[in-house]
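Here's a structure for you.
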Amino acid sequence: MKFGVITFPGSNCDQDMIYVLQTILKQETVNLWHKDSDLQGVDCVVLPGGFSYGDYLRSGAIAQYSPIMKSVQEHAANGGYVIGICNGFQILTESGLLPGALLHNNSQKFICKNIFLRPVSSSAAITRELDEEQVYKIPIAHAEGRYYADQKTLKELVSNDQILFRYCNKEGELNANPNGSLDNIAGVCNARKNVFGMMPHPERAADENLANTDGVKLFESLIANMNN
């Protein structure tokens with residue numbers, strides 16, 4: 001598989017993502033620039049975390065107008081894979097590639113800590129190989145991570161198996177919610193299941209030197225199922 005990781009002004013997780021994909025997972029990976037339009041034939045485009053354009057207006061609101069996003073939208077429309085992590089998730093909702101919105105955390109504070117996730121979707125590539133009974137420890141780092149959608153959209157997400165992850169405690173109980181997200185939602189995909197977004201950072205839990213490799217399992221599931 002060939003991955004392309006976009007760098008926007010203010011991205012700060014792009015090199016982390018490239019390191020994990022290229023060095024840990026041994027995948028062909030290229031760095032894409034926000035002003036470019038050529039995706040260089042990648043199978044999966046990655047929108048990394050950070051503070052694109054300083055998070056002015058709203059997080060992701062300006063990045064959606066970057067020249068490369070037209071190519072990303074065309075890639076997704078043609079069935080290509082796209083994944084957005086944290087700020088990347090915010091950009092995907094602002095671009096209309098994913099339903100819902102990411103609002104300010106209930107605490108109105110930036111939160112940076114390890115949290116726990118339970119996979120939900122049994123059909124999405126990024127969760128298909130994960131154990132629904134297992135809890136995954138993945139860090140978050142955001143100020144606008146509270147997922148919101150109207151009740152009609154939430155009903156569609158549930159019925160279409162589009163909810164990727166829910167926040168939980170270390171025992172897997174759905175009673176821990178770090179930011180006030182609707183229905184404990186930590187990540188969603190589109191109805192076609194080729195565009196994924198999540199607020200937690202699996203690339204920050206993918207190296208033995210960090211004493212946590214839970215994030216690797218998410219990437220392995222994505223790689224194993226992208227063409228299935």
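In region 125-144, how many are in a loop (DSSP other than H, G, I, E, B), in contact with a Gly (Cβ under 9 Å, 6 or more places away or on another chain) and not β-branched (Val, Ile, Thr)?
Within region 125-144, residues that are in a loop (DSSP other than H, G, I, E, B), in contact with a Gly (Cβ under 9 Å, 6 or more places away or on another chain) and not β-branched (Val, Ile, Thr) number 3.
Going through Val188, Val158 one at a time, which residue ends up being part of a strand (DSSP E or B), under 28 Å from Arg58 (Cα atoms) and not acidic (Asp, Glu)?
Matching residue, one of Val188, Val158: Val188.
Among (1) part of a loop (DSSP other than H, G, I, E, B); (2) surrounded by 21 or more Cβ atoms within 10 Å (Cβ to Cβ), there is one condition Lys193 misses while meeting the rest; what is its number?
It is condition (2) that Lys193 fails.
With respect to Glu132, is the statement that it is modelled with pLDDT of 95 or more, over 26 Å from Ala63 (Cα atoms) and among the acidic types (Asp, Glu) true?
So Glu132 does not fit the description; no.
Looking at region 1-15, is at least one residue surrounded by 16 or more Cβ atoms within 10 Å (Cβ to Cβ), over 16 Å from the mean Cα position of the chain (by Cα) and more than 18 Å from Ile62 (Cβ to Cβ)?
So far as region 1-15 goes, yes, one or more of its residues are surrounded by 16 or more Cβ atoms within 10 Å (Cβ to Cβ), over 16 Å from the mean Cα position of the chain (by Cα) and more than 18 Å from Ile62 (Cβ to Cβ).
Shifting gears a bit: Which of the residues that make up region 197-228 are of a type in the set (A, V, I, L, M) and crowded, with 18+ Cβ neighbours inside 10 Å?
Within region 197-228, Met198, Met199, Ala205, Ala206, Val216, Leu218, Leu222, Ile223 meet the criteria.
The values are calculated or read from the model by the stated rules, or taken from the named source; none is laboratory data. Keep in mind the model is a prediction, meaning the values are calculated, not measured. Here the Cβ is made from the backbone with ideal geometry for all residues, glycine too, and neighbour counts use every protein chain on show.
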